[in-house]
Amino acid sequence: MAILVTGATGNIGRMVVDQLLACGASDVRALTIDPERAALPAEVEVVEGHLGRVGSAAFAGVDRMYLAPSPGNVAEVLEVARAAGVRHVVDLSGEPESWWGSVCDAVEGSGLEWTHLWPADFMENTLSWSRQIRETGVIREPHADTATAPIAMKDIAAVAATALLNDGHVGRAHSLAGPEILTRAELVAHIADALDRDITFRTSTREETITALQPSMGDNTTWYVDNVLIDFAPPPQSLPITSVEDITGHPATTFDDWARANAARFLTD
């Protein structure tokens, strides 16, 4: 039976495909808008489509699926999947009270077996600082001491692959985090070390932060500043910093290692 990866050319979906293959999966199907440009591995069955326009053919013969975030039409997607015989869905979402809560509710109400993945702040979100790093060397945000345990997208994909390929994850919501708790100022310091240049954290107002991030984040800027940078501050002791290793058996990526591996991305558009 096939494993279907939706959003297979998205940031995390593409990594889920790679992780499944690395784990020895031999029947992987990828849903993508443009199969010719997807550049997916030859051993992957590529199906044209997306979550806003999913036909039953994409689910034929599928036993398990990775569900990329799709709050707008998740119920419709799950209905088609169930009718086609899909048994287990691993979804990327968030706690029920979060913006992604509608995905959790729909998945649990679908009648399918499920596994939720609830990741913390992505390490990749720090790439929104790239323009500030290049142009001013100053990062502007409201709270230097806000601490989280950011997680690399590759590690989220590894957990997704583990849940798709192994028993024992049905009916579980995996809260995911990186292996260390870091303040916003400490994240900046790690990036400065990786780039071998001076970068300063400057405590800024909400309006100054929005102005600084707008060129990089566009229409999402205000939501991100209000909901992530200002209102999101989980107690450090509640962060599941061993979750990735507990689930996959492999250590999670440290932010320092991630920053050094992705240093060039901070210097280009």
Original post:
How many nm is it between the label spots at His250 and Asp219, if each spot is 7 Å from the Cα in line with the beta carbon?
Top reply: 3.6 nm
Subject >> Difference of contour (0.36 nm per residue) and Cα-Cα distance, Arg265 to Glu48 >> reply: 75.2 nm
Subject >> segment 52-93 shape via C-alpha gyration tensor axes, a/c threshold 1.5 >> reply: oblate
Original post:
Under the rule of -39500 (n - 2.57) per DSSP H run of 4 or more residues, summed and divided by the residues of the chain, what mean residue ellipticity at 222 nm is obtained, to the nearest 500 deg cm²/dmol?
Top reply: -10000 deg cm²/dmol
Subject >> Expected-Rg normalisation [2.2 N^0.38 Å, Cα atoms] applied to segment 2-119 >> reply: 0.98
**OP:** Determine the shape class of the chain: with a ≥ b ≥ c the square roots of the Cα gyration tensor eigenvalues, call it rounded for a/c under 1.5, and otherwise prolate if a/b is greater than b/c, oblate otherwise.
**Re:** prolate
Original post:
So what's the angle, to the nearest 10 degrees on a 0 to 90 scale, between helix 206-217 and the longest Cα principal axis of the chain?
Top reply: 50 degrees
Original post:
How long are the three semi-axes of the equivalent ellipsoid of segment 80-177, in whole Å, if each is the root of 5 times an eigenvalue of the C-alpha gyration tensor, listed from largest down?
Top reply: 34, 14, 12
Original post:
Counting only DSSP beta bridges with both residues in the chain, what percent are antiparallel, rounded to the nearest 5?
Top reply: 10 percent
**OP:** With springs connecting C-alpha atoms under 10 Å apart, model the chain as a Gaussian network and identify which of Ala189, Ala120, Ala42 has the largest mean-square fluctuation.
**Re:** Ala42
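A short reminder: the numbers here are calculations on the coordinates, not readings from a lab. Since the structure is predicted, the reported quantities are computational estimates derived from the model, not experimental observations. So basically every Cβ, Gly included, is an ideal-geometry build from the backbone, and we count neighbours across all protein chains shown.
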